[in-house]
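Chemist: Below is a structure I'd like to ask you about.
What follows draws every value from the coordinates through simple rules; no lab data is involved. As the structure is a prediction and not an experimental result, all values here were calculated from the model. Every residue, glycine as well, gets a Cβ built from its backbone with ideal geometry; the counts of neighbours run over all protein chains shown.
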C-alpha cells in the first residue's frame, strides 16, 4: 500500500501570537538599527508618570547619564537657559492645541564641552475620550548643520560688510582726491574712519601751520558732539599718545585701562572725570610723503575687544590716503596764499612805485615847460637845488622799495646772508640816527637817546642798520610828532635795542600781524610803503639768533624791543 500522506498540523492560537511577537521584535530591532545609523534618538513619556524614557542616542544628544531615570528637571538643566522658555511653550502648545511638537534649541552640556544644537519633533497621543495619554518623539543632532549655517551667514555678513567698506573706501578716496579744503577733508576722513573701525567715537588731531610757519594743533570729532572734548586740553605726549604723535607705529588695545602705558600722568593717573568712556583703543599715525607726522587718528569704544586686525588694516590704509590728500591740500593752500600774496604785493608795489615815479615825471614836465618858455627865473640856483633834492628823495624812495623787494625775495628763498664781524651796536645806532636826524626833526619828534657804550657782538653791521632804520621809519609813519626814545643796554649775554614812541599804540589783537608781509595798520592812502619793513626786520633779527617783539596798548604808544645774542647766530 502506498504510503499515506502525513497529516497537516495547524499551529495553535498561542503559536501565532508568538510568531507575531517575534516579527514585531525583528521589526523593532531593524528600526532601532535604522534610527541608530541615522543618529536619531527616541524619547517618550507616559503623561501619568513623572519620568521620561530616553534611548541611548537621545541620552547622548541631551548629555544625560547613560542609565537611570530622566525627569523634566534633569532635562531642564541641559537646555540652554536662553531656550528653556520657548521649549516649554512649544510643549504646552502641543498638549493644549493638539499640534505637533517641533523645535530647534541648544543643549548646554557644561563647562568643558561645547554647545550642541538639537532638532526635536514629537506628537501627543490621546485615548478614546480625547485625554492626552502619551507624548513621544525623536531627537537629531543638527550641530554641524547649524555651524555650517552660521559659517555661511557670517561669510555673507563679512562679504556684505566688505562690500560696504569697499564702497565707503572708494567714495572716501574719491572725496579725498577732489577735496582741497583742509577742514572739510579731515572731517570727512574722521567720519569715514570711525565708521570703518566700528568705533563708538573717533577723533583726528592734526597739525596746521600759522602765517609764520609755526605748527599748532586742531581736531575733528565723529560719533560725539564737540562739547564732549571742549573742556579737555589737547592731548599731551604721554606714554599712550606719544608713539602716535611721533609716528612710531599703530597702537591697538583691547582694554587701554589695562595697558602698561596707561595711567602714569598726574593728577588723574587715568581718564579725566567726565571723559568719554574708552576701553577698546586704536590709534594710527598719519605721516606725509616726506616723513613728517601730520597728526593721528584715534578711536575708542566703551566695550573691550572691539578692534581687531581688520579694523587696524582698514584705518591704516585710509591714513595713507589722507596723508597724500592733506599734502595736496597744504600745497593748494600754499598756492592760494602765494597767489594772494602776489596780488597783494602787486597792488601795493604798483601804488608805492607809482608815487615817486609820478613825482619825478611831474618835475620833469615842469622843467621841460620852463625850458620851452625860455624862463630864466625857473633855473635859479635855489630852484634847481630844490628840484634836485626832490628828485633825489624820489630816487632814494625807489631804491628802498627795490631793496625791500630784493630782501623779501631772498627771505622767501631762504638766501638771506649775513656778513658777521665784531660790531659796536652803539656806533650803529648813532650812524643811523644821524642819517634820520633831518626827517625826525621835520616830523616833530623830540628824540631821547640812551646808548650804553661798548655793546659789541658778532653781527652783520649793514643788516642791523637796516633793522633800526626800519623801526625809525615805522615811527615816522605811525607816530609823527610824538616823543621818541632810542635806548641800548647789555643784559648778560644779550644786547637789547629799544625804540619807543608815544603814538596811538597797537591793539593786542593786531600785534601778531605787524611783523607779517604786506601788513599795514593804516590804509594805502594814509601810510606809504610795502608793509615789509617790520617783516624784514624780524627775519634779520631771527637770522642773528635773536627776537623782536612789541609791547603796546591803544593810546599808550609802542615799544619795540630787539634782543640779540652777543655771540651772534649759531
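Chemist: Once label points are set 7 Å from the Cα along Cα→Cβ at both residue 418 and residue 123, what is their separation, rounded to one decimal in nm?
Modeler: 10.4
Chemist: Ok, one more. As an exercise, use a Förster radius of 41 Å and the Cβ-Cβ distance of residue 88 and residue 198 to find the FRET efficiency, rounded to the nearest 0.05.
Modeler: Once the sixth-power term is evaluated, E becomes 0.65.
Chemist: Relative contact order of the range 416-565: what whole-number percent is it, with Cα pairs under 8 angstrom and at least 6 residues apart?
Modeler: Relative contact order here is 24 percent.
Chemist: Further question on the same structure: For the range 416-565, count all C-alpha to C-alpha pairs, find those more than 26 Å apart, and express that count as a whole percent of the total.
Modeler: Beyond 26 Å sits 20 percent of the P(r) for the range 416-565.
Chemist: Which distance in Å, rounded to a whole number, links the C-alpha centroids of the range 438-509 and the range 62-91?
Modeler: So the separation of the two Cα centres works out to 97 Å.
Chemist: Applying a 10 Å radius around every beta-carbon, put 554-561, 280-287 in order of their mean neighbour count, most first.
Modeler: Highest to lowest by the protection proxy: 280-287, 554-561.
Chemist: Below 8 Å between Cα atoms, with a sequence gap of 6+, how large is the relative contact order for the range 15-141 in percent?
Modeler: Computed over the range 15-141, the figure is 25 percent.
Chemist: Going by how many other Cβ atoms sit within 10 Å of their own, how do 487, 72 line up, fewest first?
Modeler: Least to most surrounded, the residues fall as 72, 487.
Chemist: Another question, then. Given Cα pairs under 8 Å that are at least 6 residues apart, what percent is the relative contact order of the range 454-506?
Modeler: 33
Chemist: Right, here's the next one. Using C-alpha positions alone, give me the convex hull volume of the range 15-141 per residue in cubic angstrom.
Modeler: Each residue corresponds to 130 Å³ of Cα convex hull volume.
Chemist: Would you order 185, 440 from fewest to most other beta-carbon atoms within 10 Å of each residue's own beta-carbon?
Modeler: Final ranking by Cβ density, sparse to dense: 440, 185.
Chemist: Once R0 is set to 60 Å, what does the formula 1/(1 + (r/R0)^6) return for the Cβ-Cβ distance between residue 115 and residue 288, expressed as a FRET efficiency to the nearest 0.05?
Modeler: The value I calculate is 0.75.
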